[in-house]
Amino acid sequence: MKNTEVAKVFQNIADLLELKGENPFKIRAYQRAARAIEYLPKEIELMLEEGQDLEDITGVGEAIAKKTTELITTGKLGYYEELKAGFPEGITSLLAIPGIGPKTATRLAAELGIKSVDELEQAIKDERVSKVSRLGGKTAENILHKIQALRRKDQRIPIGEALPVVDEVFEALRRLPGVKN
């Protein structure tokens, strides 16, 4: 499991906790951990294999380190699954769209039955989203642009994945005769 995927789970947990009205300090702890993990130069999976202590990562305490280990080793996080069960299906996929916060995601899921980004895109094109209270046409158009930007972002490679590949390429090039550092 890649760092970006682990970070996404923790960001989703923070969003769901915010929806539940949980303690703001707890929410921020998950947000901090998500940011720290997403931008780590080394994959957490590799860190665990090497026996490194995850609590050495800034923003990761004992509880989040245990949850990270569970997520990496099993591919699932029980706490996250229980938390998701208390919300409408698909709400986490809506939260992945920049600019859609927990309240808007809940409203879209509850009022329009939207469970995926594709369904949301279609609802915007059908002008159903613009009829939801406090959203309107301009907001719907902005969400559509953010969906398109999100799809472009998925085509990018996170630096944590790119750097090891770049290092391998440089090392291979250095071994070639006539190549100077």
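So here's what we get for this one:
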quantity: Nearest-0.05 FRET efficiency for Lys103 and Thr69, computed from C-beta distance (R0 35 Å); calculated: 0.65
quantity: Mean separation of Cα contacts under 8 Å, 6 or more apart, over the residue count of the stretch 1-86: relative contact order %; calculated: 32
quantity: Residue-wise HN-Hα coupling along the stretch 18-25, computed from phi with Karplus coefficients 6.51, -1.76, 1.60 (Hz; x: Gly, Pro); calculated: 5, 4, 6, x, 5, 4, x, 5
quantity: Efficiency of FRET from Cβ geometry, Arg35 and Glu5, R₀ 22 Å, rounded to 0.05; calculated: 0.95
quantity: Residues with amide H under 5 Å from that of Ile114, placed H, sequence gap 5 or more; calculated: Ala109
quantity: Of Lys42/Lys138; Lys20/Lys146; Lys42/Lys180, pairs whose Cα-Cα distance is over 32 Å; calculated: Lys42/Lys138
quantity: Cα-based convex hull, the stretch 82-181, per residue volume (Å³, whole number); calculated: 140
quantity: Cβ-derived FRET efficiency at R0 22 Å, Lys138 paired with Lys115, nearest 0.05; calculated: 0.35
quantity: Added length on full extension, which subtracts the Cα-Cα distance from 0.36 nm per residue, Lys20 to Arg174; calculated: 50.0 nm
quantity: Approximate spin-label separation Asp126-Ala149, in nm, with each point projected 7 Å along Cα-to-Cβ; calculated: 2.6
quantity: Computed over the chain: relative contact order in percent, which uses C-alpha pairs under 8 Å that are six or more apart; calculated: 19
quantity: Packing-based exposure ordering (other Cβ within 10 Å, fewest first) of Val165, Val60; calculated: Val165, Val60
quantity: Descending semi-axes in whole angstrom, ellipsoid equivalent of the chain, from the Cα gyration tensor; calculated: 35, 23, 12
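Taken together, the values in this text are just the output of simple stated rules run on the coordinates, not laboratory data. On a predicted model such as this, the values are computed, not experimentally measured, just so you know. As a convention, Cβ positions derive from the backbone with ideal geometry for all residues, glycine included, and neighbour counts pool all protein chains shown.
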